[in-house]
Structures are given as structure tokens and as C-alpha cells.
Amino acid sequence: LIISEESLGELNFKIDSVLTDFERSVFRLYLEDLSYQDIACVLSRPKKSVDNAIGRIKAKLRKLL
């Protein structure tokens, strides 16, 4: 269990280090299963900005993992 928590902590640190503040906010809401529109409303940003951020997040995480 400790090893799993350690690995999870390392993964979270790596993810946080490659994502911008906005991308981290989008990612956390995306993981909560919010729609692009809902994320845009919560963050007061256009839906297209959220869509672009999710594309960047996916590309960065593919590269990271």
C-alpha cells in the first residue's frame, strides 16, 4: 500500500510539473467526469479553450507516460 501511494504521489508530481495551472484545473474537472461545457462554465472560459487544453493535456500525458 505504501509503495502504491508513493508511486501515485510521484505520478501526481510529474503530471503537475508538465501541466499549466489552467490545464491542471481542466484535468481535475475532466477526471470528475464533467462535460467540456460544464468545465468551461466552472472556469469561466470558452468551451474551445477547454477543448484545446484537453488536447494539450492528452499529448503531454502520452509523452510523460
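The values are calculated or read from the model by the stated rules, or taken from the named source; none is laboratory data. Because the structure is a prediction, the values reported are computed rather than measured. Every residue, glycine as well, gets a Cβ built from its backbone with ideal geometry; the counts of neighbours run over all protein chains shown. Just the protein is used for accessible areas: all its heavy atoms, side chains included, with ligands, DNA and RNA removed. Shrake-Rupley method; radii C 1.70, N 1.55, O 1.52, S 1.80 Å.
So the values come out like this:
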| read-out | value |
| --- | --- |
| Filter result (over 24 Å from L11 (Cα atoms) and either open to solvent by less than 50 Å² (accessible area, probe 1.4 Å) or in a helix (DSSP H, G or I) (or both)) within the range 36-65 | Y36, Q37, D38, A40, C41, V42, L43, K47, K48, S49 |
| The range 26-35, residues that are open to solvent by less than 60 Å² (accessible area, probe 1.4 Å), over 9 Å from V50 (Cβ atoms) and either part of a helix (DSSP H, G or I) or modelled with pLDDT under 95 (or both) | F27 |
| So E23, is it part of a helix (DSSP H, G or I) and loosely packed, with under 10 Cβ neighbours inside 10 Å | no |
